[in-house]
C-alpha cells in the first residue's frame with residue numbers, strides 16, 4: 001500500500017510538497033529561527049530524501065543529513081495535508097530511524113520549532129524516544145527552536 005523511495009526531487013509533486021513545507025515554516029517561524037532547507041540545499045551530497053507514496057499519490061517526505069560517522073539529522077519531514085493524522089509521519093520516522101541504524105549512526109538529532117504549531121511533531125518525536133538536548137552542529141540556542149536526540153542501539 002505505501003511505498004517509500006529515495007527521491008531525486010525532480011518531480012512536480014515533491015517540489016509542490018516541499019514548497020508547501022517552506023510556506024508553513026514561513027507562517028510559523030520568524031526568519032532568523034527558520035532552518036528549513038530549500039530544494040537546492042536538499043540536493044547536497046550529505047542529504048538523502050525519501051518520498052512516501054500511496055497508490056501513485058505523494059503522501060509525505062523525510063530527509064536525513066549526514067554530519068559525522070556517528071551523527072545524522074532529520075530534515076524536511078512533511079506530510080501532505082490530505083494525509084495528516086493517518087500515520088504517515090510515524091511510518092516515515094520509523095523508516096528513517098531504521099536507515100540510521102543500518103548506516104551505523106549512534107545518534108539521530110533534529111531541530112524543530114518551540115511554538116504550538118510544532119507540538120504534534122514534538123509529541124511524535126518524544127513517543128519514539130527522542131529527548132530534548134542542547135543545540136548541535138552549527139545551530140545556536142534560540143527561544144523559537146528546540147533540539148531533540150535519539151540514541152540509537
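The values are calculated or read from the model by the stated rules, or taken from the named source; none is laboratory data. Everything numeric in this text was worked out from a predicted model, so none of it was measured. Note that we place each Cβ from the backbone using ideal geometry, even for glycine, and neighbour counts take in every protein chain shown.
Within the range 141-151, is even one residue assigned to a loop (DSSP other than H, G, I, E, B), surrounded by 19 or more Cβ atoms within 10 Å (Cβ to Cβ) and either within 14 Å of the chain's Cα centre (by Cα) or in contact (Cβ under 8 Å) with a residue 12 or more places away in the chain (or both)? For the range 141-151, residues assigned to a loop (DSSP other than H, G, I, E, B), surrounded by 19 or more Cβ atoms within 10 Å (Cβ to Cβ) and either within 14 Å of the chain's Cα centre (by Cα) or in contact (Cβ under 8 Å) with a residue 12 or more places away in the chain (or both): absent.
Could you list, in sequence order, all residues of the range 53-76 that are assigned to a strand (DSSP E or B) and more than 10 Å from residue 108 (Cα to Cα)? Break it down stepwise before answering.
Start the filter on the range 53-76 by keeping residues that are assigned to a strand (DSSP E or B), which leaves 53-54, 57-66, 71-76.
Across the range 53-76, the qualifying residues are 53, 54, 57, 58, 59, 60, 61, 62, 63, 75, 76.
When residues in the range 60-76 are screened for being touching a helix residue (DSSP H, G or I) at 6+ places or on another chain (Cβ under 9 Å) and surrounded by fewer than 17 Cβ atoms within 10 Å (Cβ to Cβ), 0 of them pass.
For the range 46-56, which residues satisfy the criterion of being at pLDDT below 95 and either out of contact with any strand residue (DSSP E or B) (no Cβ under 8 Å at 6 or more places or on another chain) or loosely packed, with under 15 Cβ neighbours inside 10 Å (or both)? Result: 55, 56.
In the set 46, 57, only one residue is out of contact with any helix residue (DSSP H, G or I) (no Cβ under 9 Å at 6 or more places or on another chain) and farther than 25 Å from residue 119 by Cβ; that residue is 46. Tell me yes or no: at least one residue of the range 22-39 is part of a loop (DSSP other than H, G, I, E, B), modelled with pLDDT of 90 or more and surrounded by fewer than 16 Cβ atoms within 10 Å (Cβ to Cβ). There is no residue in the range 22-39 that is part of a loop (DSSP other than H, G, I, E, B), modelled with pLDDT of 90 or more and surrounded by fewer than 16 Cβ atoms within 10 Å (Cβ to Cβ).
I'd like to check something: does the range 5-21 contain any residue that is part of a strand (DSSP E or B) and under 24 Å from residue 141 (Cβ atoms)? No; the residues of the range 5-21 include none that is part of a strand (DSSP E or B) and under 24 Å from residue 141 (Cβ atoms).
Considered as a group, the residues in the range 77-130 that are at pLDDT below 95 and in a loop (DSSP other than H, G, I, E, B) include one that is surrounded by the most Cβ atoms within 10 Å (Cβ to Cβ), and that residue is 80.
State which residue pairs qualify: first residue within 16 Å of residue 97 (Cβ to Cβ) and inside the range 57-68, second residue modelled with pLDDT of 95 or more and part of a loop (DSSP other than H, G, I, E, B) in any location, beta carbons under 7 Å apart, and separation of 6 or more residues or different chains. Filtered contacts from the range 57-68: 61/7; 65/46; 66/46. In this structure, is residue 115 out of contact with any strand residue (DSSP E or B) (no Cβ under 9 Å at 6 or more places or on another chain) and within 22 Å of residue 23 (Cβ to Cβ)? Here the answer is yes, as residue 115 does meet what is asked.
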